[in-house]
Structure formats: structure tokens, C-alpha cells
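> Following this message is one structure expressed as C-alpha cells.
Since every read-out is calculated from the coordinates, none of them should be taken as a lab result. Treat the numbers as computed from the prediction; the structure is a model and nothing was measured. Here the Cβ positions follow ideal geometry from the backbone for every residue, glycine too, while neighbour counts run over all protein chains shown.
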Amino acid sequence: MSILVFGSLNMDLVVRSPRLPLPGETLTGYNCATIPGGKGANQAVAVARQDVSTRLLGRVGADDFGYQLRQALAIDGVNVEAIQVDAETHTGVAAITVADAGENHIVIVPGANGRVGKDELQQLQLYLASADLLLLQCEVPAEMVAQAAQMAHEAGVRVMLDPAPVPDFDLQPIYPAIDILTPNQVEAAQLTGLSVTTVDEATVAISQLQQQGVSTVIIKLGEQGVCCGTVEETFQVPAFPVSVVDTVAAGDAFNGGLAVALSDGKALREAVVWASATAALSVTKSGAQPSMPTRSQVADFLKASK
Ligand code: RIB
């Protein structure tokens, strides 16, 4: 059992503040930290913490942040052999403000993530033969994400795409290569042009995305849980009530948890519950990668929630 992740690595520069600033406003915060992040790397850590073999294909700069990110991933058990080190640019960074209520603002500067290209696709081709599932997000060039999806689909490897952030590139032609699309409500609205704020609206957005060619769509609705649509049925899984500390990377925790549960052979509904528990635990801790729970923490949490 092996999961491939093709995606971004960022060093997150995180400040905590009482609330998110208004445009043009200066606020005084109370904490500042550099924390390993990036949607691709976060999803890889979410998988590795749950004891599933994981390899990350991506790129960092030849700088301290790049070195620290690879070290942190390796300590978590992610295979980092295929991460390229690019002397022409800097490692990706994300400037993140986390408010006391747990909500956040994120601005990314892609750096090396923006130069992910043919080298990573060649590496991907090598590893597809031994993979069960490919996790994709959109913090590396969308053309490469599209090619990676197509390659995995042709190799018979299941593809899960987190369309975050929604790129300025038409993803629709690759929908038939996507087994599971996992937008949050903002991304679902951007992809469909519809309002997606409630479960009913999410159901309508799911039908539209399915008509455009994706087989399974899971819309992450935060406190309202998730809404899932397959070719057979549409169902909702409520969110677990937890005390929110920091929502950064909750979506990555969900995708990592879902990939693990599906690789374990769980049916989709049960896998979504496992993924929701993974995400719920992640928001109870600060930081992106540090907040990813282990397999036994998820299992214990689910037992205690019954
Ligand atoms: O999904 C959370 C991640 O988004 C952060 O770790 C940050 O790096 C941005 O990529």
C-alpha cells in the first residue's frame, strides 16, 4: 500500500492575532513562528502519521527553509528522495494570520513550487506502478497537475484532487481522470459559479460537477460537515464538535485521512467519517504539519465519540 503526493512545500510564517485585520488596518499580534506547511507536504504528513507509506514529489529552493522542510518530512517518515532542490529560486513561503477564533488568512509565494514541471512528472511515471492513490492539490502549476492526473488515471491509480487554490486554468477537461474531487465551499463556488454555503446548495454544486465528468465529489463545509456525491447516492457527514484552536491545514488533514481510509479498504462513507475525525483533531492544535494526528489518535477519538 503506497500513496503518492504531487504538490507543494511551504515554510509557513504564522502570526497569531486577536482577529483578522481589515484591509489597511494594522493589528498587534502576540506570537510568530515558522512552521512546515504547503498543501502537498501537509497531506503527505497526514498520511505518514497514519502509518501508510508516502512519497512526496515536489520542489524546494537550495536554502535553509528547503533543508528544514525536507528534514521535517523525513522525520515524519515521508519519502523525500524525489524532492528536487532548485538553485534558481527560493523555497515556497506562506504568510498566515491565525485569529483567536481559529480562522485564518493565507497568502502564498510559490517560489520553487511554481517551477514544478517535467522532472517531477518523469519521477511520477517511475513511481506510479507501485502506487494505490495519487493526491493532488493546486499550489504547483495547474498544467502539471492536469498531466499528473492524466498519467495516474492511465496507469489505473486512483486520483484525488483538492482544487486548492482554484487555478486560473480550466480543470474541466481533466475531470474524467479525477476519482474524487474535494473542494471546500469557497472552491466549489469558484468552480461552479454557484453559491455554496449550505448542504442544499452543495448538493446542487455536486450535481453540476458530476455532469461535467467527476465521479465522486466531496464538498468540505467546515462546521456543517461534508457533503458527498457518488454516482449512486448523495449523503452528508456532520462535523465532530471540537474546540477550535487553528483551522490551518484542516482540509489537508481531511484529504490525508481520506486517502488512508480508502487505502485501508474502507467504504466511502466510513472513509469520510475517518477523514472528518482526522480533520477535527487537526483543528485542536496549532500549525499545519504539527497538527496532524496519528492513526491511534484518530481511532481513539472515534471510539470516544460513539
Ligand atoms: O492548507 C494549508 C496550507 O496552505 C498551509 O500550510 C500553507 O502553506 C498553504 O499552502
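> Starting at 0 and stepping by 5 Å, how many percent of the alpha carbon pairs of segment 58-100 end up in each bin?
With a bin width of 5 Å, the distribution comes to 5, 22, 27, 19, 13, 8, 4, 1.
> Count neighbours as other Cβ atoms within 10 Å of each site's Cβ, and list the chymotrypsin sites (Phe, Trp or Tyr not before Pro) in segment 23-102 that are DSSP loop with at most 16 such neighbours.
Y30
> For N31 paired with L194, estimate the spin-label separation in nm (one decimal), with each label point 7 Å from Cα along the Cα-to-Cβ line.
The answer from the label model is 3.9 nm.
> Report the calculated FRET efficiency for R19 and K285 (r = Cβ-Cβ distance, R0 = 25 Å), to the nearest 0.05.
0.75
> Using all alpha carbons of segment 187-230, what is the percent of pairwise distances in each 5 Å bin, ordered from the shortest bin to the longest?
5, 27, 38, 24, 6, 1
> Using R₀ = 30 Å, calculate the FRET efficiency as 1/(1 + (r/R₀)^6) where r is the Cβ-Cβ separation of V242 and V109; round to 0.05.
0.45
> Suppose we keep just the alpha-carbon trace of the chain; what are its Rg and Dmax in angstrom?
Final numbers for Rg and Dmax: 17.9, 52 Å.
> Then there is this: Can you tell me the Rg and the Dmax, both Å, for the Cα atoms in segment 5-69?
Answer for segment 5-69, Rg first and Dmax second: 15.2, 45 Å.
> Determine the gain in length on full extension of the stretch A155-E223; use 0.36 nm per residue of separation and subtract their C-alpha separation, reporting nm with one decimal.
Length gained, A155 through E223: 20.8 nm.
> Another question about this same structure. Using the alpha carbons of segment 200-306, what is the convex hull volume per residue in cubic angstrom, as a whole number?
It is 106 Å³ per residue.
> Which GluC sites (Glu not before Pro) in segment 187-293 pass both tests, a DSSP loop state and at most 11 other beta-carbon atoms within 10 Å?
Answer in residue order: E232, E233.
> Also, I was wondering about something else. Looking at segment 17-125, I'd like the Rg to Rh ratio, where Rg is from alpha-carbon atoms and Rh is Kirkwood's inverse mean 1/r.
Reported Rg/Rh (Cα atoms, Kirkwood Rh): 1.03.
> Which shape class, rounded, prolate or oblate, goes with segment 92-141 when its Cα gyration tensor gives a ≥ b ≥ c as root eigenvalues, a/c under 1.5 marks rounded, and past that a/b bigger than b/c marks prolate?
The shape class here is oblate.
> To continue, here is another question. Count neighbours as other Cβ atoms within 10 Å of each site's Cβ, and list the trypsin sites (Lys or Arg not before Pro) in segment 1-48 that are DSSP loop with at most 13 such neighbours.
Listed in order of number, the matching sites are R19.
> Treating each Cα of segment 84-223 as an identical point scatterer and ignoring solvent, apply the Debye formula and state log10 I(q)/I(0) at q = 0.12 Å⁻¹.
Once normalised to I(0) and log-transformed, intensities are -0.55.
> Still on this structure, I have one more. More than 15 angstrom separation, counting every C-alpha pair in segment 131-213; what % is that?
Result: 54 percent of Cα pairs exceed 15 Å.
> Let me ask something else. Order of 110-119, 126-135 by packing, highest average Cβ count within 10 Å first?
Packing proxy ranking, top to bottom: 110-119, 126-135.
> For K118, list the lysines whose Cα falls under 29 Å from its own Cα; do not include residues on the same chain fewer than 8 positions away.
Hits, sequence-local ones excluded: K39.
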